[in-house]
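Since the structure comes first, as structure tokens, the remarks are kept for the end.
Every read-out reported here was derived from the displayed coordinates using simple, explicitly stated rules and does not represent laboratory data. What you see is a predicted model; the values in this text were computed from it and never measured. Glycine gets a Cβ as well: all are built from the backbone with ideal geometry, and neighbour counts include every protein chain shown.
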Amino acid sequence: MERGYWIRSKPLYDSLVWKQHATGHVVIAEGDGGIAVLKLFQQMCPREPIKLLFADDASASKKYADIITKLVPEGLQVCESGEAVLAALREQLPDCLMGTQFYVAGSEAFIWAVLDELKVFGVQDRNVEKELSGTLARSVYCVHCKTTDKNVHHSIHQCSGCGRHLFVRDHFSRRLGAYMGVMVDAEEPGNIPAAEEIYP
Amino acid sequence: MNMAKTIAFKQETFRDDYSYSNSAEAIRRFPFPFAEDEYMYSVNIEQHTPGAPGSVFEHAIDIDEHYLAECEDRRITLENDPGRYIALPHMMDAQWDMVELVMESLSRDYPDLFELTRDGDNWHWVNKPLGIDQKFVFGDESTLPMEPFEYVGRQVQGDWVVMDQRDDDLFADMGIITSQADWSLAFDAGMSFKEWHGPVPQANELGIFDRALKYLLHLQYGSPVRRLNWTMTVNPRLDTSPEEYPLWGPDNVSVTADNVGQKVHLRVELQALFRLPRSNAMAFSIRGYLASIDDLKTYPRWAKRLRRVLTNLHPDLSEYKGLDNYRQLVIDYLAPMDDGAELELGTHPE
């Protein structure tokens, strides 16, 4: 967290709410995103066709696939993994109509992996409902060697690519789906602050 | 007056031995940015119309004595890290717009240095300082040795970002960035205007970006605008990128009372914005000028003004611009020159 000012590139995430005026709805979720899906389906469902792609995740606090299967009778596809969800999405996107509304829930890395798939079809991120669920873990892009490490929980992270200790900034790139990591001890080599878990 | 005949290009470096220096004439035309004793962000945009002969505002794209050395420094940086040039696939029209903007401007304003002959789409470009003589077909990428925007980007001083305009916003979808004040093109590419400027403190609170964006969305072809921005750099280094921070970071703590005059440089960016005709994109040029504290001290007015601005600077801005390690050393160094007398408004040297 950087002091003093709010960095506007840091995405804001909301709770999923059905949108009006759509030709169809596609819900894409993983792991703890399951709870966001359940909350969404407690709201009055829209009349247009709904598709739901979901996968449980080993690191999530709970398994949701069974509950979701009971509550969502139509249009549900339960996948083996987040990767499989992305693959299913890739396969089905060409059949989606103009005006389809998208809803994404899960870890931040998952959300932006989905957005990456949608972007290919011209879907802008501002038109996608996003709910961050379960973990605050960050993907961190090393600005020095261009490696992106996933599931970073600490304020200081040692890059798996170049071994430098990176300070994790709040500056976020939607294109890369990651926060910027900058060498923390460039000015005084070896002066590395203790890493604290701030993205549990 | 045509400056072109009088430019003596310097052989100098912006890295390693840092042999960069300014002639007396380069100091005199330095775009000193402080008209008052206090500095805070403002939109401060004005029409980019031709300024006084000899000034950095005389031409749309300024060429000065550092031209060859800056082009060479850019070549080295791109060779080490090709990611300093990015053009997203939908920007090809804008690439050709940039070819036209650069070649038209330079050949018009510096006819002794650059020549452009157009015969329909068959163009002939001559860049005498760099020894380039190129015939190509405008609109046909295969007739140039590299992508069109990279080709012309390597032949101008300063960084360029080209922003695509859609959904009432501007997206940084193309750029050639090798002399940036600590921001990363590879990271920021594709960002919207406000995301890209996300890390700038105070400016959001002042509503600067909302107003600037509203203004820029309506920028017209043929009516470019400009503003000045500034920061400070230790050593005359162009490539103060986050990518190379491990290289230049240690310099930030190397300033002492003895070397502050030579080491610390005021780095002024002449930022100009041009609407591009085919793509409706917007070219944003960020042309940097470096002057050491000793260079600036040539003019007592500037020495006093700079000392006062640094003394009054908001702590958030000082931190953001990375000045905290040496700001006080500069203030102390200039103190003997400041008699405290009131300075009239304006940026002029004398």
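Brief remarks follow.
- Convex hull volume of region A:138-183 per residue (C-alpha atoms, cubic angstrom): 56 Å³
- Within chain A, helix-based [θ] at 222 nm, where runs of 4 or more DSSP H residues each add -39,500 (n - 2.57), nearest 500: -6000 deg cm²/dmol
- Counts of other chain beta carbons within 10 angstrom of each beta carbon in peptide A:179-186 average 4.
- Helix B:208-217 axis, angle to chain B major axis (alpha carbon atoms, nearest 10°): 20 degrees
- The fraction of Cα-Cα pairs per 5 angstrom bin, counted from 0 for region A:24-132, comes to 2, 12, 27, 27, 20, 9, 2, 0 percent, rounded to whole percents.
- Over region B:130-285: Rg over Rh, Cα atoms, Kirkwood Rh: 1.01
- Any cysteine of the protein assembly as shown lacking a neighbouring Cys Cβ under 4.7 Å - listed by number: A:Cys45, A:Cys79, A:Cys96, B:Cys71
- Across chain A, the volume of the C-alpha convex hull divided among the residues equals 130 Å³ per residue.
- For region B:84-150 versus region A:160-200, the gap between their alpha-carbon centres in whole angstrom: 40 Å
- Ascending count of other beta-carbon atoms within 10 Å, so fewest first, for B:Thr231, B:Thr143, A:Thr23, B:Thr240: A:Thr23, B:Thr143, B:Thr231, B:Thr240
- Net charge dipole size for region B:3-337 [Lys, Arg +1 and Asp, Glu -1 on Cβ; Debye, nearest 20]: 1120 debye
- 0 to 90° range, to nearest 10: angle between helix B:300-312 axis and chain B longest Cα axis: 80 degrees
- The mean number of partner chain beta-carbon atoms within 10 angstrom of a residue's beta-carbon across peptide A:164-173 is 3.
- Note on chain B: along the principal axes its Cα atoms extend 62, 45, 39 Å, ordered by decreasing extent.
- Close lysine pairs were tallied over chain A: pairs 8 or more places apart or on different chains with Cα atoms under 21 Å apart number 24.
- What the pair-distance distribution of the protein assembly as shown shows, using all Cα-Cα distances binned every 10 Å from zero, is 3, 16, 25, 24, 17, 10, 5, 1, 0 percent.
- Between helix B:92-109 and chain B: long-axis angle, C-alpha atoms, 0 to 90°, nearest 10: 70 degrees
- For region A:138-183, the dipole from Cβ point charges (+1 on Lys and Arg, -1 on Asp and Glu) about the Cα centre works out to 140 debye, to the nearest 20.
- Part-to-part distance (alpha-carbon centres) for region A:64-114 and region B:8-62, which is given in Å: 54 Å
- Rounded to the nearest 500, the helix-only mean residue ellipticity at 222 nm of chain B stands at -7500 deg cm²/dmol, with each DSSP H run of n ≥ 4 adding -39,500 (n - 2.57).
- Within region A:47-129, the GluC sites (Glu not before Pro) that combine a DSSP coil assignment with at most 15 other C-beta atoms in a 10 angstrom radius are A:Glu74, A:Glu80.
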